[in-house]
1. For residue 205 and residue 252, what is the calculated FRET efficiency with R₀ set at 22 Å and r taken between the beta-carbons, to the nearest 0.05?
2. Can you tell me how much longer the chain between residue 11 and residue 240 gets when fully stretched, taken as 0.36 nm per residue apart minus their C-alpha distance, in nm with one decimal?
3. Calculate, in nm to one decimal, what residue 137 and residue 58 gain on full extension: separation in residues at 0.36 nm each, minus their alpha carbon distance.
4. Consider a paramagnetic label point 7 Å from the Cα of residue 147 along Cα→Cβ; state which residues of the range 199-230 have an amide N under 12 Å from it.
5. Holding the Cα-Cα limit at 25 Å, pick out from 102/144; 101/129; 93/216; 17/102; 17/144 the pairs that are longer than that.
6. Run the simple label-point estimate for residue 231 and residue 47 please: 7 Å along Cα→C-beta, distance reported in nm.
7. Let me know the Kirkwood hydrodynamic radius for the range 38-156, please, with Cα pairs as the basis and the value in Å to one decimal.
Amino acid sequence: MRSICPRPGGCGFRWTKDLPGVTKGGPAGRITGARLVKQAGAWHIVFRTERQVPAPVRHSGPQVGIDRGINLALALSDGTPREHGPWLTCGEKEHLRRLEKKSARQRAARTPGRPTSKRLTRTYDQIAKARATAKRRAVDWQHKTTTELAGTFGVVVVEDLKITNMGRSATGTVERPGRNVRQKAGLNRAISGEAWGRTVTLLEYKTRDRGGLVVKVPAPGTSQTCHRCGHRDPASRDGTRFSCADPRCGWTGHADTNAAINIRNAAGTVVSGRGDLGAARSAKRQPPRAA
Ligand SMILES: [Zn+2]
C-alpha cells in the first residue's frame, strides 16, 4: 500500500490491494502488525496478517530441476527456460547512465567538509528511483514465475548455494558479487545478487502452500558433467552448448538444461524418501502429548 505521510501520531494510506484473509466486512483473518518502508522516496505500509488455511493436499505434479543461468533466467530440466526481457528500456538505461555521470560530476565539484548539495541529493534520489523501478520489475517477474512453477511442479530441486559457492573466486559470482565488482556492472549485479536467494525463498513458501516441496542439493560440477553418462569434463562445455566429451556417449544439448537435469537427478535419493520427509514434517507440527 502506498502510504501518504508517516509522522508521529498517525498516518494515512491508500488501500491499493486486498490483504489475504482481510477484506472490508469480510470474515476471519486479522492484522497482527504493520511496518512503514521507504523505497526510492516513497513510503509504503506493509501489513502482517494472520488467517486459518486448510493443510494443503500433496501436490501430484512432476519433479523438476532448476539451474540459474546468467542474468535471472532459469533453465528447467524439462528443457524449457523461464526468460525475461531487460528490466529497463534503452531510454531508461540511457537516462540512468546520464544521472550516474551527473552525480559523479557533482561529487567531484564538492568542497570537502561541506554537506552534500541539494542538487547532488536530488540526483541521488533520481538514481535510486530508476534503480527501484528495475528492481520492482525483477521482483514482479520472480513472483509470477515462481507462482507458475509452484503450481506446475510437485518437487522443485535447486542447487544448495551454501555449498557450491565455497571456493569460488574472490571477485564473487553473479549470485554473490564480491566487494570489488566493477561499478559498471552495478545495477544488474545488484539485482541478480539478491535474485537467486529470493527465487528460492519464494519457491519454498509457494510450493509448501500448494503441497509441494523444494529440495536443495549440493551439486558440484553440474555444468561439466554429462547427465546421461556421468562423464565429467570441462571440455564438454562450450558456452551454452554441451557436447559430451566421451565419444561413446556424445550427448549434445543446451548446457543449462544438462545442468538442470543433473540437479534434478542429484535429489533422486532425497525425493524417494519424500514420504518420510512429509511424515517428519507433520510429526514436528503435532502438539506435544501429555505423558
Ligand atoms: Zn555423456
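Please treat every number below as a calculation from the coordinates, not as lab data. Only a predicted model underlies this, so the values are computations on that prediction, with no experimental measurement involved. Neighbour counts run over all protein chains shown; Cβ positions are idealised from the backbone, glycine included.
1. Working: r = 37 Å, r/R0 = 1.69.
The formula returns an efficiency of 0.05 here.
2. On the way: separation 229, 0.36 × 229 = 82.44 nm, distance 5.21 nm.
Gain in length upon complete extension: 77.2 nm.
3. Details: separation 79, 0.36 × 79 = 28.44 nm, distance 3.16 nm.
Full-extension gain reported as 25.3 nm.
4. From the range 199-230, the list is empty.
5. Values: 102/144 35 Å; 101/129 16 Å; 93/216 35 Å; 17/102 37 Å; 17/144 17 Å.
Pairs exceeding 25 Å: 102/144; 93/216; 17/102.
6. The answer from the label model is 6.0 nm.
7. Numbers: mean 1/r = 0.0545 Å⁻¹.
It works out to 18.4 Å.
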